[in-house]
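These notes concern the structure reproduced below.
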Amino acid sequence: MQAEAVSQMADWLEDHVSEIVAHKTQLDVQKINEIIDDLAILRHPVQEYLTMTEEQYYENESDHQLTLQNDKQPLSKLQDRVLVNHVDGSFAKSEINFTYNHEHPFAGGQYDVTNDLHTIEYALEVIGAVVANTIMADVRNNLSQDAVLSIALAAAAVDNWQKNN
């Protein structure tokens, strides 16, 4: 995977969030999904997760960062996000520590597309910096599956918002 692709997408998002919110440009969700799939953190292609139930994901892959509350609900309806917000440690010693926090793009019962766009942007920015400075095995061994899935969930929600608003 090319580290530039991850960082370039983060940079593009940083420059275009307001245009996406104003419906002047579209987020290329397929490109986001390709980046996620290329990371190879998740066991299946991103698209498979959107129809998977929370229970299926919880039992087979979740690292329990996400708050899953409805076993029968498809993951595409999940309103919780785990944001990759920082990394520290030592690349030389393969000691990489990502930090996370929860984001709630549906706070107050209404969808906030800007929140999800920032979740994608910030996560890709941090991940891109790590990918550019260490081997992929270190990224794969240390990055939360739930955080990577959150990028996909945010992208799917933005895509849905773009189509329906």
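The values are calculated or read from the model by the stated rules, or taken from the named source; none is laboratory data. If you're wondering where the values come from, they're calculated on a predicted model, not measured in any experiment. As a convention, Cβ positions derive from the backbone with ideal geometry for all residues, glycine included, and neighbour counts pool all protein chains shown. All accessible areas refer to the heavy atoms of the entire protein, side chains included, with ligands and DNA or RNA removed. Shrake-Rupley method; radii C 1.70, N 1.55, O 1.52, S 1.80 Å.
Each 10 Å bin from 0 upward holds the following percent of the Cα-Cα pairs of segment 1-51: 24, 45, 29, 3.
Averaging the Cα positions of each part gives two centres, and for segment 1-47 and segment 87-150 these lie 13 Å apart. Scalar couplings 3J(HN,Hα) for segment 94-108, obtained by applying the Karplus form with A = 6.51, B = -1.76, C = 1.60 to θ = phi - 60°, are 6, 10, 10, 10, 7, 10, 9, 8, 7, 10, 10, x, 10, 4, x Hz; x denotes Gly and Pro. Heavy-atom accessible surface of residue 99, to the nearest 10 Å², is about 50 Å², with a 1.4 Å probe and all protein chains retained. Here the Karplus relation 6.51 cos²θ - 1.76 cosθ + 1.60, evaluated at θ = phi - 60°, turns the backbone of segment 33-40 into coupling constants of 4, 5, 4, 4, 4, 5, 5, 6 Hz, with x for every Gly and Pro. The calculated 222 nm mean residue ellipticity attributable to helices in the chain amounts to -17500 deg cm²/dmol, summing -39500 (n - 2.57) over DSSP H runs of n ≥ 4 and dividing by all residues.
Basic side chains Lys and Arg get +1 at the Cβ, acidic Asp and Glu get -1 at the Cβ, and with that the dipole of the chain about its Cα centre reaches some 180 debye. Sorting the Cα pairs of the chain by distance into bins of 10 Å, from 0 upward, gives 11, 42, 36, 11, 1 percent per bin. Counting only lysines at least 8 places from residue 163 when in the same chain, those with an alpha carbon closer than 27 Å to its own are 24, 31, 72, 77. Here each label is just a point 7 Å from Cα along the line to Cβ, and for residue 163 and residue 11 those points are 3.1 nm apart.
Taking amide H as placed 1.01 Å from N in the peptide plane, the amide H of residue 84 sits under 5 Å from that of 123, each at least 5 places away or on another chain.
For segment 152-165, the Karplus equation 6.51 cos²θ - 1.76 cosθ + 1.60, evaluated at θ = phi - 60°, returns couplings of 5, 5, 5, 4, 5, 5, 5, 4, 4, 4, 4, 6, 10, 10 Hz by residue, with Gly and Pro reported as x.
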